[in-house]
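Data block below; observations after.
The values are calculated or read from the model by the stated rules, or taken from the named source; none is laboratory data. Predicted model only: the values in this text are computed from it and were never measured. Cβ: placed from backbone, ideal geometry, glycine included. Neighbour counts: every protein chain shown. Areas reflect the complete protein model, heavy atoms only, side chains present, ligands, DNA and RNA absent. Shrake-Rupley method; radii C 1.70, N 1.55, O 1.52, S 1.80 Å.
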Amino acid sequence: MLKAKVTRGLRGTGDVENALAQVLSLDAKIDDLTREMDHHKNQLVDTYQEQLEGLRFEIDEIVSKIRDYCNARYDELTQGGRHKTVCFGKHKVSWRKNPPSVQVHDKAKALAELKRKGKGVRTSQSIDKAFILKNPDLFAKCKHLAVVDGAETFEVLE
């Protein structure tokens, strides 16, 4: 672990200049270590990625065979559709119907078509913060919002 020299109190501009140089040096070390860590992570991912993909492919093939078997015997296994879960020893399979959904292929064209029909389009309202910031006096007495002055921040620059 890296330990930095702790600066208790700065007595002059020279001390501040040295402290700033120390901050920038430590920041550069952080960047170097981050790059090194990312390199090692990428190597680790590359090492295991192919094995993981092989296992996922194998699982997909087995699940496909199970699905084919069960679908071919659906009525028998589910007792005519009365049961949606079937036990095979300690393991189970189930059929579930997902709720309906809407797939939008071209948002602009879909919106235009829905607007022509006059249905299926929702409009939302939002607060125009830019307008409020330009006219803070108009909203000074508004109970549910306040215009807050920007806070001053302190940062170390290169």
| query | For the chain, modelled as a GNM with alpha-carbon contacts under 10 angstrom, which of CYS142, CYS87, CYS70 fluctuates the most? | reply | CYS142
| message | Strictly over 23 Å apart at the Cα level, which of LYS65/LYS97; LYS107/LYS129; LYS65/LYS92 would you flag in this model? | response | LYS107/LYS129
| note | Taking the alpha-carbon centre of each part, the distance from the stretch 23-79 to the stretch 104-158 in Å is 39 Å
| Roughly how many nanometres apart are two label points built 7 Å out from the Cα toward the Cβ at VAL23 and GLU61? | 5.9 nm
| task | Determine by what factor the alpha-carbon radius of gyration of the chain differs from 2.2 N^0.38 Å, reporting the quotient. | result | 2.10
| task | Only helical DSSP H runs with n ≥ 4 go in: add -39500 (n - 2.57) per run for the chain, normalise by residue count and round the 222 nm mean residue ellipticity to 500 deg cm²/dmol. | result | -18000 deg cm²/dmol
| Counting only protein heavy atoms, what percent of the accessible surface of the stretch 13-158 is carbon or sulfur at a 1.4 Å probe? | 54 percent
| task | Evaluate the stretch 68-158: find the radius of gyration of its Cα atoms, find its Kirkwood radius, and give the ratio Rg to Rh. | result | 1.38
| In units of 2.2 N^0.38 Å, what is the alpha-carbon radius of gyration of the stretch 106-158? | 2.03
| said: Taking 35 Å as R0, compute the FRET efficiency from the Cβ-Cβ separation of GLU76 and SER126 and round it to 0.05. | reply: 0.05
| Net charge, LEU20 excluded, C-beta distance under 11 Å - Lys, Arg +1, Asp, Glu -1 | -4
| said: If each residue of separation counts as 0.36 nm, what is the full-extension length gain between LEU138 and ARG96 once their alpha-carbon separation is subtracted? | reply: 9.6 nm
| field | Nearest-0.05 FRET efficiency for HIS40 and LEU145, computed from C-beta distance (R0 41 Å) | value | 0.25
| remark: Reported to the nearest 10 Å², SER101 has, with a 1.4 Å probe, an accessible area equal to 100 Å²
| message | Counting heavy atoms of the protein chains only and a 1.4 Å probe, report the per residue accessible area for the chain as a whole number of Å². | response | 99 Å²
